[in-house]
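Beneath this line is the structure, given in structure tokens, with notes to follow.
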Amino acid sequence: MSLVLAAIVITIFAAIFIPPYISPQHDVFQTSASLDFLSGFALHLQINSTTLQSNGTLLISGWINSTSSVIDNITTSDAWGVQQGGLWMAPCMSGWPIGLGVMQGHYTTDNYTLGALLNVTKSDLAACPVTGAPNYFLFEPHSSKALVTLNAGPTFWVIQSSFSFSGSATGSPLQPGVYTAVLADEWGDVLTASFLVS
């Protein structure tokens, strides 16, 4: 009886604590993920391939799109679902509402909190002009285009970002295995799409 209990405890322990990059859950990955939210917008993540050579480059893109047929006013927030500092954001865009990142391992929207974002090279933000951050995004119907008000006055932003991911972006060669692209927004929403580095 004690052997059976020990086997159960070891199995549960292994299922919880063995990192997903050691034992990936899937062999087939999707190049895109989308999710609609009740707040009136949809989040979209896309990668250009599900396989990557260790010396290759993967294009990761993410965007917000209004799902409303009328102009939609969405108030800003600061409830990032992952560490904002690990995300690639649009350079010199204070208050940019989405960010892209990569985790080593296979993660989904159910377990991404177990992963850690890889450090990626970012632009030197010290040279960026101070423009302030918006308080709201006034989205055009069925569009990624939003009116925001900054210190200099109102302007339009197209809430779309792209990031070329490679070993040079992390400062070291990519180890073979499964990686996960991450798109997060300031309202706490997170999307993932995994790919294999060989």
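Here is how the numbers come out for the structure above:
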| quantity | calculated |
| --- | --- |
| Residues within the stretch 28-51 that are without any contact (Cβ under 8 Å) to a residue 40 or more places away in the chain and either hydrophobic (A, V, I, L, M, F, W, C) or surrounded by 14 or more Cβ atoms within 10 Å (Cβ to Cβ) (or both), tallied | 4 |
| The stretch 156-181 - residue that is aliphatic (A, V, I, L, M) and at pLDDT below 90 and, of those, nearest to Ser61 (Cα to Cα) | Ala169 |
| Matching strands (runs of 3 or more DSSP E) fully within the stretch 89-198 where at least 2 residues are loosely packed, with under 12 Cβ neighbours inside 10 Å | 153-158 |
| Condition met for Asn111 (at pLDDT below 90, more than 21 Å from Asn65 (Cβ to Cβ) and not hydroxyl-bearing (Ser, Thr, Tyr)) | no |
| Members of the stretch 50-87 that are aliphatic (A, V, I, L, M), in a loop (DSSP other than H, G, I, E, B) and within 17 Å of Gly188 (Cα to Cα) | Ala79, Val82, Leu87 |
| Long-range neighbours under 6 Å by Cβ, at least six apart or interchain, first residue without any contact (Cβ under 8 Å) to a residue 40 or more places away in the chain within the stretch 70-91, second surrounded by 13 or more Cβ atoms within 10 Å (Cβ to Cβ) and of a type outside the set (Val, Ile, Thr) | Gly86/Gly101; Gly86/Leu117 |
| Number of the exception - Val120 against (1) of a type in the set (Val, Ile, Thr); (2) under 23 Å from Thr108 (Cα atoms); (3) more than 22 Å from the chain's Cα centre (by Cα) | (3) |
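The values are calculated or read from the model by the stated rules, or taken from the named source; none is laboratory data. Here the structure is a predicted model, which means the values were calculated and not measured. FYI the Cβ positions are ideal-geometry reconstructions off the backbone, even for glycines, and counts take in every protein chain you see.
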